[in-house]
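Here the structure is laid out as structure tokens; the discussion comes afterwards.
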Amino acid sequence: STGFFRAKSKSLLGMARALVSRHGGTVPDTMEELTRLPGVGRKTANVVLGNAFDKNVGIVVDTHVARLANRLGLTDETDPVKIEAALMPLFPSEQWTMLSHLLIEHGRQVCVARVPRCEQCVLNDICPSSRV
């Protein structure tokens, strides 16, 4: 199921119309152009740029990345843009796309929100939030 499906549908239709009218149906390859499209924020733009264009402009910050960044003590920020800004200097830019994928997967499989599986975590010896 998709929450807020009416708003998401409206954004998708607006984004598709803007792609056709402003970009001739071609997906733009810059953060500025992507974030001007309806419903496209930094997170979506970073996903598109990193995966479709192999451009590491930023780090995708979703709920998993935000949670891990805080649990690992990499930042105290809660705003995704500020979390991204805090993480970027800590990792080489050529690794940002893969880092995002790895953090998201780790957050889904190991460092889950309610009951983290610290005993299975490869980072439990350095994680300040580890329960092991």
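The values are calculated or read from the model by the stated rules, or taken from the named source; none is laboratory data. Because the structure is a prediction, the values reported are computed rather than measured. Heads up, the Cβs are rebuilt from the backbone with ideal geometry, glycines too, and the neighbour counts pull from every protein chain shown. For accessibility, only protein heavy atoms count, side chains too; no ligands or nucleic acids. Shrake-Rupley method; radii C 1.70, N 1.55, O 1.52, S 1.80 Å.
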What's the tally of Lys pairs in the chain whose alpha-carbon atoms lie under 20 angstrom apart, where the two lysines are 8 or more places apart or on different chains?
4
If you work out Cα extents along the principal axes in Å from the coordinates, which of (i) 39, 29, 26; (ii) 55, 34, 22; (iii) 48, 27, 19 do you get?
(ii)
Which parts of the stretch 110-125 would a label at T63 reach, counting a residue when its backbone N lies under 15 Å from a point 7 Å out along Cα-to-Cβ?
110-116
Express in Å², to the nearest 10, the accessible area of D54 obtained by rolling a 1.4 Å probe over the protein heavy atoms while all chains stay in place.
130 Å²
Figure the gain on full extension for I126 and T44 (residue separation times 0.36 nm, minus the Cα-Cα span) and round it to one decimal in nm.
26.5 nm
Between helix 96-109 and the chain: long-axis angle, C-alpha atoms, 0 to 90°, nearest 10
60 degrees
Output the 0 to 90 degree angle, nearest 10, between the alpha-carbon long axis of helix 42-52 and the longest principal axis computed from the alpha carbons of the chain.
80 degrees
Per-residue SASA entry for H106, accessible area with 1.4 Å probe, Å² rounded to 10:
40 Å²
Rounded to the nearest 10 Å², the 1.4 Å probe accessible area of K55 is 70 Å²
What does the charge dipole of the stretch 1-130 about its Cα centre add up to, to the nearest 20 debye, if the Cβ of each Lys and Arg holds +1 and the Cβ of each Asp and Glu holds -1?
720 debye
Would you mind computing, in nm to one decimal, how far apart the modelled labels at R36 and R114 are, each placed 7 Å from Cα along Cα→Cβ?
4.5 nm
